[in-house]
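Remarks on the structure that follows.
The values are calculated or read from the model by the stated rules, or taken from the named source; none is laboratory data. Note that the coordinates shown come from a computational prediction; the quantities given were computed from them, not determined experimentally. Glycine gets a Cβ as well: all are built from the backbone with ideal geometry, and neighbour counts include every protein chain shown. Accessible surface areas use protein heavy atoms only, side chains included; no ligands, DNA or RNA. Shrake-Rupley method; radii C 1.70, N 1.55, O 1.52, S 1.80 Å.
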Amino acid sequence: MVSGTEVAGSAAPERITAVPVRHPGRWVSVAVLALLAAMLVHTLFSNPAWRWGLVKKYFTTGTVMHGLVATLELTALAMVIGVVLGTVLAVMRLSPNPVVSGSAWSYVWFFRGTPVLVQIVFWSFIAALYPNLSLGIPFGHEFVIFDSNKLIPLFVGVVLGLGLNEAAYMAEIVRAGILSVEHGQTEAASALGMRRLDIMRRIILPQAMRVVIPPTGNETISMLKTTSLASVASFVELYKATSDISSSIFRPIPLLMVASIWYLIFTSVLSVIQYYIERHYARGSSRELPPTPMQKLRAQFVQRRDESSA
Amino acid sequence: MTPMVKAESVQKSYGRLEVLRGVTLEVAAGEVMCIIGPSGSGKSTFLRCINHLEKINGGRLSVDGELVGYRQQGDKLYELREREVAAKRAEIGMVFQQFNLFPHMTAVQNIIEAPMRVKHEDRSEVSVRARDLLELVGLADKGDAYPRQLSGGQQQRVAIARALAMRPKLMLFDEPTSALDPELVGDVLDVMRKLALEGMTMVVVTHEMGFAREAGDSLVFFDEGVVVERGNPRDMIADPQHERTKAFLSKVL
């Protein structure tokens, strides 16, 4: 009677109803964590030194809003410079021309090898190093002369400091992405008669994106917080704005909270954006796209309903 | 008539390893040539030299009367520029053992990419041709599928359609069925037979003796970087002349 062909014809097997394994450890950990969470919430609201009233008062004041906008602008511009220049450097690094790849290597060596804080301060002082910048023949006649202070205001100096540093890290991230694409892809595209730049742009980079996006999201989130270093160059961004207020009212903690909450809000927003970009570039790499959080939630409800109706 | 492919003592080495040690053979226009031989015999390398994916170190190799990778002026050879090499490759289709479809593009996008980028053809025109080609390879309903959603045999047939979209005058097949499950091999070979019947010039590196016998005009046995024997596939498989050919055929048949 134990033949394989019998199975298909036999009646549906009995449904399994077993006592599930108990997890007492889970309940213990829930209890411990719930206790700790309760203590945290209690102290946040019972200790008057937090001064939540001040947090609320200053959360959306003009100075803070102005600083917040500056922080977002710095982050966006520095990342744009970082990604664009980083991609160029990564492609240069993989060039067969040793001078080109060597220059890219030196760039990364220098900008990754010195602290970003030093670079920000350096670029904000660039006008002191070169008071005038000019267009002309190298070592020869100068046609136009600019005043560095006007050409490179503090904002531009800070953006350069952050962006040029970021490019060094992005270069390595993009290079790793390019190297992650199988060599067969380049061969197939070359065999079709495609040129090197087209192959890079149309075939390699889009596939490298899947590897490049997660660390780039990381870098963006990290950049949002690194912009606070611009305060050292007296540039008013979110942190400098809040610390300016706190030094005038002598209450540092509530204003640190204001800054932290704003940073958290925008790092959360960036995480969500990153999720959707990753999902976009997952096209073709998995048979089905990963679900969005809403789809996941909906699926859970449907499952619950099915179980309770069964 | 100029042969489609003409190789005269082609030599290729990787460092000190000599992979091709003087390969001389001709493929006529419209001919289907199958190349067999043990692994490491240089048959795939030879195929890759034909569209300059590998640079040869010695001898002369030409396609349709023009040198591969070089231009001759007087008795001097000049290396071709990247643009010129690419233009020549565009006339030669190649199908790989691992398919190498572009995974981020659908079947149709895979097919229209090169005609659009390389030949600057109109998208709507090429798209129509892409659908026709998919029909030719029996995948009319898979145009919008991504490679991952296709079986190996289907992927390889899309890869053939992709190569054909460039209207090549010569098709190179590098072990096109070696990475496929046995039951999927037939569909791919059917497409290749169709092409052969339509008069496409084909050079096929393969282990499929059945295909070589039925569809091939000539059979070449490679061993240790040289052509050991060449002949009519049916005669050669039935009655190999050379000892090494006999030994090899007795193992694969």
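Could you tell me which helices of chain A pass both thresholds, a Cα extent of 15 Å or more along their own axis and a mean Kyte-Doolittle hydropathy of at least 0.5, with helices taken as whole DSSP H runs?
Correct list, ordered by number: A:24-46, A:62-93, A:154-179, A:252-281.
Translational diffusion coefficient, Stokes-Einstein: compute it for region B:1-116 using the Kirkwood radius over C-alpha pairs as Rh, at 37 °C and 0.692 mPa s, and state it as an integer in µm² s⁻¹. Numbers along the way, then the final one.
Details: Rh = 15.8 Å.
Calculated translational D: 208 µm²/s.
Roughly how many debye, to the nearest 20, is the charge dipole of chain B about its Cα centre, given +1 on each Lys and Arg Cβ, -1 on each Asp and Glu Cβ, and no other charges?
Working: 33 positive and 36 negative charges, 134 e Å.
About 640 debye.
Ignoring ligands, DNA and RNA, how much accessible area is buried between chains B and A, both sides summed, with a 1.4 Å probe, to the nearest 100 Å²?
Rounded to the nearest hundred, the buried surface is 2300 Å².
Taking the Cα centre of each part, how many Å lie between region A:162-240 and region B:8-57?
With region A:162-240 and region B:8-57 each reduced to a Cα centre, they are spaced 39 Å.
Would you mind counting up the charge near A:Thr226? Only other residues with Cβ under 13 Å from its Cβ, with Lys and Arg at +1 and Asp and Glu at -1.
That sum, taken over residues with Cβ under 13 Å, equals -2.
Evaluate region B:121-253: find the radius of gyration of its Cα atoms, find its Kirkwood radius, and give the ratio Rg to Rh.
Taking Rh as the inverse mean 1/r over Cα pairs, Rg/Rh reads 1.04.
Lys/Arg Cβ at +1, Asp/Glu Cβ at -1, dipole of the protein assembly as shown taken about the Cα centre: which of A:Leu89, B:Gly231, B:Val85 is farthest positive-ward?
Among A:Leu89, B:Gly231, B:Val85, the one farthest towards the positive end of the dipole of the protein assembly as shown is A:Leu89.
Grab the other residues whose beta carbon is less than 14 angstrom from that of B:Leu133, score K and R as +1, D and E as -1, and report the net.
Once all neighbours under 14 Å are counted, the net charge is 0.
I'd like the accessible area for B:Arg167: 1.4 Å probe, protein heavy atoms, all chains in place, Å² to the nearest 10.
Its heavy atoms expose roughly 150 Å² to the probe.
List the relative contact order of chain B as a percent without decimals, with contacts defined as Cα pairs under 8 Å and 6+ residues apart.
26
Using the structure shown, select from B:Lys76/B:Lys246; A:Lys56/A:Lys150; B:Lys119/B:Lys142; A:Lys57/A:Lys225 the pairs with a Cα to Cα distance greater than 31 angstrom.
B:Lys76/B:Lys246; A:Lys56/A:Lys150
For region B:1-145, what relative contact order do you get, as a whole percent, if you take Cα pairs closer than 8 Å and at least 6 residues apart?
18
Could you give the radius of gyration (one decimal) and Dmax (whole number) of the Cα atoms in the protein assembly as shown, in Å?
Using the Cα atoms of the protein assembly as shown, the pair Rg, Dmax is 32.8, 101 Å.
Only Cα pairs within less than 10 Å get springs; with that Gaussian network setup on chain A, which residue of A:Ser268, A:Ser46, A:Ser148 has the largest fluctuation?
A:Ser46
At a Cα cut-off below 19 Å, give the lysines reachable from B:Lys6, other chains included and same-chain residues fewer than 8 away excluded.
Answer for B:Lys6, where 19 Å is the Cα cut-off: B:Lys43, B:Lys55, B:Lys88, B:Lys169, listed by chain and number.
Have a look at B:Ser151, B:Ser41, B:Ser124 and tell me which one the Gaussian network model of chain B (Cα, springs below 10 Å) gives the largest fluctuation.
Maximum fluctuation in the GNM of chain B, among the listed residues, is at B:Ser124.
Just need the relative contact order of chain A here, percent rounded to a whole number, with Cα pairs under 8 Å and 6+ apart. Before the final figure, lay out each step's value.
Numbers: 284 pairs, mean separation 68.5, N = 310.
Over chain A, the number comes to 22 percent.
Report in % the part of the accessible area of the protein assembly as shown that belongs to carbon and sulfur, leaving out ligands and nucleic acids; probe 1.4 Å.
59
In the protein assembly as shown, if the dipole is taken from +1 on Lys/Arg beta carbons and -1 on Asp/Glu beta carbons about the Cα centre, which of B:Leu219, B:Ser41, A:Pro131 is farthest to the positive end?
Comparing the listed Cα positions along the dipole, A:Pro131 ranks first.
Rounded to two decimals, what ratio of Rg to Rh does chain A give with C-alpha atoms and a Kirkwood Rh?
1.13
Once the dipole of the protein assembly as shown is set up with Lys and Arg at +1 and Asp and Glu at -1 on Cβ about the Cα centre, which of B:Gly143, A:Tyr263, A:Thr61 lies farthest towards its positive end?
The listed residue farthest towards the positive side: A:Thr61.
To the nearest 20 Debye, how big is the dipole of the protein assembly as shown about its Cα centre, given +1 on the beta carbon of each Lys and Arg and -1 on that of each Asp and Glu?
The dipole of the protein assembly as shown has a size of about 1820 debye.
For region A:100-136 and region B:83-118, what is the centre-to-centre distance using only Cα atoms, to the nearest Å?
Measuring centre to centre over Cα atoms gives 42 Å.
Take the alpha-carbon positions of chain B, form their convex hull, and give its projected area averaged over all directions (one quarter of the hull surface) in nm². It would help to have the intermediate numbers written out before the result.
Values: hull surface 57.9 nm².
Result: a mean projected hull area of 14.5 nm².
Can you tell me the dipole magnitude for region A:50-165 around its Cα centre, using point charges on the Cβ only (Lys, Arg +1; Asp, Glu -1), in Debye to the nearest 20?
540
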